[in-house]
Every structure is written in C-alpha cells, then in structure tokens.
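Only the coordinates and a few stated rules stand behind these numbers; no lab work does. The shown structure was predicted, so the numbers you read here are calculated from the model rather than taken from an experiment. Because the Cβ atoms are built from the backbone with ideal geometry, glycine has one as well, and the counts that use them run over all protein chains shown.
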Amino acid sequence: MNTPAHLQVLGICGSLRQKSYNMAALRTAGELMPPGLKLNITGIGELPIYNFDVQEKGFPAPATKLRDEILAADALLFASPEYNWSVGAPLKNAIDWMSRFQPQPFNNKPAALFSATGGPVGGARGQYDLRRILSGLGVHWLMKPEVFIGMSASKFADGKLTDETTRKFLTDQMVAFEDWIKRMKRAFA
Ligand SMILES: Cc1cc2nc3c(=O)[nH]c(=O)nc-3n(C[C@H](O)[C@H](O)[C@H](O)COP(=O)(O)O)c2cc1C
C-alpha cells in the first residue's frame, strides 16, 4: 500500500529480457527495502530508438510517461546488465530520450544502482559508465555500498534472487539508499 510516509522509488531495469536476472534482482530489492521505501518498477521497452526527427514531431507517449514517472519519484533505482563493457542500448536509449526534456527530469534525483551479469565481473564497467552518464544529467548517486552480482545463473532460481550473501548486500544497499534519499531531500528542500 502506498502512503505519504513512503518515499517513492522508481525502478528502471536495463534489460528487456523476459527472464532477466536484473529484473529479478530489482523485484527482490523492492522486497528487501526498509519499510520507509516503496518500489514501483517502470518499463523502457516501448520507447522508439531515439531520433531527433521523431522528437521534432512531438515526444512519443512512452517518453512523456517515463518523464512524468521520474519527476514524480523521490528517487531512482537502476538495475542493468553490462553490454560490451558499457551501458546496454535500451537503457542508454531511455536516457537519451529523457535528456531532451526541459526541465531535466534527472536533475537532483537521488539514485542507486546495481547490476547482474552472467560472468564473474558483475557489471562494474557498465555501472561506472552509467554513473558518469547520469551524473552529467544531475543525478546524485549513492556511492556505497556497491553491489555487483556476478555468476548470476548460480544465484537466481525461478525468477528470484536466492543467494543469501547477495540478498544481504542488497539489503544493506537499500538501508543506505533510504538514508541517502532523506539526506538529498533535505539538501534540495
Ligand atoms: C549484447 C550483449 C553483450 C553482453 N556484454 C557483456 C559484458 O560486457 N559483460 C558481461 O559481464 N556480460 C555481458 N553480457 C552477458 C550478460 O551479462 C548476461 O546476458 C546477463 O544475463 C544479462 O542480464 P539480464 O539477465 O538482466 O538480461 C552480454 C550480453 C549481451 C546480450
């Protein structure tokens, strides 16, 4: 149930894959959040590939919808795979669309991120690129704890994050995230 006491966190997953580990981890993060946070997960799969000619004719409905969701949220939580050592195209495309709006919806939003990958590195290279890109648009990142979920096939079962160590990492990150959101809201009040 949503109450005004909840801080509203908008979840954005960088993978469009139906059985995405990142989406599973994002849902798990919502379950592990402290009671003061409430996660709503949005979608980015309906956005067309960014094209200035399309924008000139008017922002597509999925872009304005995402813009409004970002503006309404107290904070953003990203879960994204790393594609070719960087941010994957679906998420970068969504960011490119959002970057065209004025006022800038990402500006002064507190945010946290984690990543899940098939290999052992856990998406560190993609995470640091995402931090760099969104810092340029005014996002204020929670810096620690960082969460990199590697070897995902061994940590998820039936669409759920089951690895206890990783669940503890995510729990700790969500506790720190609540504190970070409150600090940022005070700073920008
Ligand atoms: C186009 C593509 C590029 C990838 N590049 C990387 C990479 O650079 N580093 C990595 O650790 N995994 C890479 N992977 C593997 C992903 O980590 C793996 O597919 C993961 O499950 C994707 O996340 P998802 O389950 O949320 O879809 C890549 C996968 C795809 C499809």
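If you place +1 on the Cβ of every Lys and Arg, -1 on the Cβ of every Asp and Glu, and leave all else neutral, what size is the dipole of the stretch 143-185 about its Cα centre, to the nearest 20 Debye?
200 debye
Farthest toward the positive end of the dipole of the chain, out of Gly45, Leu77, Gly159, is the Cα of Leu77, where the dipole comes from beta carbon charges about the Cα centre.
The distance from the alpha carbon centre of the stretch 1-48 to that of the stretch 154-189 is 11 Å, rounded to a whole number.
Taking a straight line from the alpha carbon of Lys109, these aspartates and glutamates sit under 20 Å away, with near neighbours fewer than eight places off in the same chain left out: Asp68, Glu69, Asp74, Asp96, Asp129, Glu146, Glu178, Asp179. Using a cut-off of 29 Å between Cα atoms, the listed pairs Lys155/Lys185; Lys19/Lys57; Lys19/Lys65; Lys160/Lys185; Lys57/Lys185; Lys92/Lys155 include Lys155/Lys185; Lys19/Lys57; Lys160/Lys185; Lys57/Lys185 as exceeding that distance. With Rh defined as the Kirkwood radius, the inverse of the mean 1/r over Cα pairs, the Rg/Rh of the chain is 0.95. Between Met151 and Asn51, the contour length at 0.36 nm per residue exceeds the Cα-Cα span by 32.4 nm.
Taking one quarter of the surface of the C-alpha convex hull of the stretch 125-189 gives a mean projected area of 5.5 nm².
Summing Cβ point charges (Lys, Arg +1; Asp, Glu -1) relative to the Cα centre of the chain gives a dipole of roughly 220 debye. Highest average first, the peptides 78-91, 61-74 ordered by how many other beta carbon atoms sit within 10 Å of their residues are 78-91, 61-74.
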